[in-house]
Amino acid sequence: MPETRAKEFLAALADVLEVSSIGPADDYRETPLWGSLTAFALKVMLKQRYRAEVAVRDLCSFRSAGELMERALG
């Protein structure tokens with residue numbers, strides 16, 4: 001992948017995930033990237049199934065399904 005295209009992709013991914021930056025060598029298991037990807041998937045599901053608009057940052061770092069439900073659905 002050409003360098004400019006790679007930078008654009010990483011910048012777009014960071015923007016969608018509402019994080020400051022993502023590097024090409026970031027290991028999703030050791031960085032907030034994995035949590036952000038999970039939160040983004042939840043955001044899409046909530047919008048499609050429940051028509052709920054929830055920011056990715058509000059879906060990060062939940063400890064239980066109940067806590068997630070409270071954050072997502074109010």
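The values are calculated or read from the model by the stated rules, or taken from the named source; none is laboratory data. Please read all numbers here as calculations on a predicted model, not as lab measurements. Positions of Cβ are generated from backbone atoms using ideal geometry, with glycine treated the same way; all protein chains shown enter the neighbour counts.
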Residue count for the range 35-74, restricted to those that are loosely packed, with under 15 Cβ neighbours inside 10 Å and hydroxyl-bearing (S, T, Y): 3
Show the residue pairs that are 6+ apart or on different chains and have beta-carbon atoms under 8 Å apart, the first residue being within the range 1-22 and assigned to a helix (DSSP H, G or I), the second being modelled with pLDDT under 75. F9/M1
Those residues that are more than 17 Å from E18 (Cα to Cα), in contact with a helix residue (DSSP H, G or I) (Cβ under 9 Å, 6 or more places away or on another chain) and of a type outside the set (A, V, I, L, M), I need them from the range 43-60; list them, please. Y50
